[in-house]
1. Among the residues of segment 42-53, which ones are surrounded by fewer than 23 Cβ atoms within 10 Å (Cβ to Cβ) and either over 13 Å from residue 29 (Cα atoms) or basic (Lys, Arg) (or both)?
2. With respect to the numbered conditions (1) among the small types (Gly, Ala, Ser); (2) crowded, with 23+ Cβ neighbours inside 10 Å; (3) over 20 Å from residue 374 (Cβ atoms), which one is the sole condition not fulfilled by residue 350?
3. Please go through segment 268-295 and give me each residue that is in contact with a Gly (Cβ under 8 Å, 6 or more places away or on another chain) and over 23 Å from residue 230 (Cβ atoms), ordered by number.
4. I want to confirm something. Restricting to segment 198-234 and keeping residues that are without any contact (Cβ under 8 Å) to a residue 40 or more places away in the chain and exposed (fewer than 14 other Cβ atoms within 10 Å of the Cβ), which single residue is farthest from residue 167 (Cα to Cα)?
5. Among the residues of segment 282-300, how many are crowded, with 16+ Cβ neighbours inside 10 Å and of a type in the set (Val, Ile, Thr)?
6. Considering every residue within segment 308-323, establish whether at least one is among the basic types (Lys, Arg), part of a helix (DSSP H, G or I) and over 12 Å from residue 28 (Cα atoms).
7. Does segment 250-257 contain at least one residue that is more than 23 Å from the chain's Cα centre (by Cα) and either free of Cβ contacts under 8 Å to residues at least 24 places away in the same chain or assigned to a loop (DSSP other than H, G, I, E, B) (or both)?
8. Can we say residue 272 is outside any helix (DSSP H, G or I) and surrounded by fewer than 19 Cβ atoms within 10 Å (Cβ to Cβ)?
Amino acid sequence: MNVSTYLPAKPRYDILDGLRGVAAFLVLFYHCCEITSGADPVHMNINHGYLAVDFFFILSGYVISYAYDDRWTKMSLWNFCKRRLVRLHPLIIFSTLMGACLLYLGAGDFFPGISGAPAWKVLLTIVAGCLMIPLGKNFDVRGWSEVSPLNGNAWSLYYEYLANILYALFIRRFGKFALGLLVVLSAFLTLNLTLNLDVFGFWSERTAQAYTVIGGWELDQWLIGITRLFYPFFCGLLLARIGRKIKIRHGGFLWASLILLVALAFPRVGGVDNMLLNGIYESVCILFVFPVVVLMGAGSTVSGQTAAACKWLGEISYPLYVTHYAIVYGVFGAWMSAHRNLDTDQIILANAGICLFSVFVAWASYRLVDVPLREWLRRKCF
């Protein structure tokens, strides 16, 4: 057995690629709305855009199981790790360096800490971001206490890496029954968070973010991050292994996208007076709606222009997710902080402009950075 050979990729699920792109666009819109609405979790537009991360985790579990479950006799653990690093890490490094430039240029009223941070701390933050080493509050150069201050979205990729490690070392060996038990236990952890049951006394300090899954980007929020990761990722693995799918004969991508769009853009449920309703809503989305959407995407097919659209959305999804943060907060956020008296039309135009620019940067980074670097790394590493 030659475990050093680079195994070719399996055929892709076109609709799942497209849905990943739809979710990435909604994250972009959510972050733009966060700038213009003052980050009020109750009144924000695209209110549940943060649930896209939980959707990404279930997609990841499903695709990882499909791509690798039957390949372990032909692939070593180290080869698996190299494949995942080649897939994810080039844009992590690129987006960290881009974040260092744009967030520093955008320093001022919006991020007063970064312009006054000592050079050694900024350099340390850059190195840690490129190496995916999570940072605590003592090394925060921006003021938001994120594990990756120069690329805030990278927090979910820390958990993505953790999921890949757990899968490669342990979970891939689990049968359906054992994996099913993990899914049930993880579902309880999800409900403990979304319904604010706080059985273990973890969530006593959550106030405005109670009855939501919001959190995970700070080092001391790691329990929230773990909770958000476990159920979706394990559920995705289990769904792929069970093999049952939902086939929509006509318009599978359209219907799945519509459900996802409504779920992520839906207004805050219950307001501030009945926050439990929002917790119930998020529980239903994570535990039931997102698995159904994934099964619809895996069971349906597309062709022609719809297939081309799904391909494009899939290609741009990861670059858009990982690069837009520095643009939205480093450029748009700084600009908005200096122009506080804009009318509605001006805000809409500004949002549209920054979204288009973010898409352009994502596409350029995919074509000019991601694809060439991955091809070069494949030749060098396999």
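Since every read-out is calculated from the coordinates, none of them should be taken as a lab result. Fair warning: this is a prediction, and the values are worked out from it, not measured in the lab. Quick reminder, even Gly has a Cβ in these numbers, built from the backbone with ideal geometry, and neighbours come from all protein chains shown.
1. 42, 43
2. Unmet for residue 350, out of (1) among the small types (Gly, Ala, Ser); (2) crowded, with 23+ Cβ neighbours inside 10 Å; (3) over 20 Å from residue 374 (Cβ atoms): (2).
3. 277
4. 207
5. Result for segment 282-300: 4.
6. Scanning segment 308-323 turns up at least one residue that is among the basic types (Lys, Arg), part of a helix (DSSP H, G or I) and over 12 Å from residue 28 (Cα atoms).
7. Scanning segment 250-257 turns up at least one residue that is more than 23 Å from the chain's Cα centre (by Cα) and either free of Cβ contacts under 8 Å to residues at least 24 places away in the same chain or assigned to a loop (DSSP other than H, G, I, E, B) (or both).
8. yes
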